């Protein structure tokens, strides 16, 4: 079972490997949508997203993001606030070919908006079933918490 620091570090490693999340504003009755998180190693507790100015997230507000790792062995629910952050230096820093595919006029596209999710809290789960837990699964035994996974509720995702 991983400690809190390890599970927070694992979050960023898993997101670096597969930065796809479902993001939605809370309390507005709309569904979440899939987006690619742009990670900036210099910013703790922050995810960036390139969206259209007409996107439901562009107006900002309280939000939640859900993440499932590529191997389905790590899960996260991130709560925070979305705001528009059209800082030119940050757009230049985060811009890449994948983003360019969505904005035909590039960084000068009039519909381009950079939004940021400032994470206030998170709940993290890592399914790291131990060898003894796997054996118990094969024979129908009961798996204890220490054999099954790691879980943490945190106010910061900083490792």
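When region 61-91 is filtered for residues that are in a loop (DSSP other than H, G, I, E, B) and either under 10 Å from the mean Cα position of the chain (by Cα) or modelled with pLDDT of 95 or more (or both), only 69 remains.
Considering 76, 58, 89, the condition of being touching a helix residue (DSSP H, G or I) at 6+ places or on another chain (Cβ under 8 Å) and on the phi < 0 side of the Ramachandran plot is satisfied by 76 alone.
The condition of being surrounded by 16 or more Cβ atoms within 10 Å (Cβ to Cβ) and over 17 Å from residue 18 (Cα atoms) holds for residue 57. Identify, please: which residue in region 71-91 is out of contact with any strand residue (DSSP E or B) (no Cβ under 9 Å at 6 or more places or on another chain) and closer than 25 Å to residue 13 by Cβ and is, among those, surrounded by the fewest Cβ atoms within 10 Å (Cβ to Cβ)? Here the residue is 72. Selection of region 1-19 for residues being outside any helix (DSSP H, G or I) and either modelled with pLDDT under 90 or touching a strand residue (DSSP E or B) at 6+ places or on another chain (Cβ under 6 Å) (or both) yields 1, 2, 3, 19.
Where residues in region 37-52 are surrounded by 16 or more Cβ atoms within 10 Å (Cβ to Cβ) and within 12 Å of the chain's Cα centre (by Cα), which of them is farthest from residue 91 (Cα to Cα)? Checked region 37-52; the qualifying residue farthest from residue 91 (Cα to Cα) is 45. Only one of 57, 94 is at pLDDT 95 or above, touching a strand residue (DSSP E or B) at 6+ places or on another chain (Cβ under 8 Å) and within 26 Å of residue 29 (Cα to Cα); which? Unique residue meeting the criteria: 57.
The values are calculated or read from the model by the stated rules, or taken from the named source; none is laboratory data. Being a predicted model, the structure only gives us computed values, none of them experimental. With ideal geometry, Cβ positions are generated from the backbone for all residues, glycine too; neighbour counts draw on all protein chains shown.
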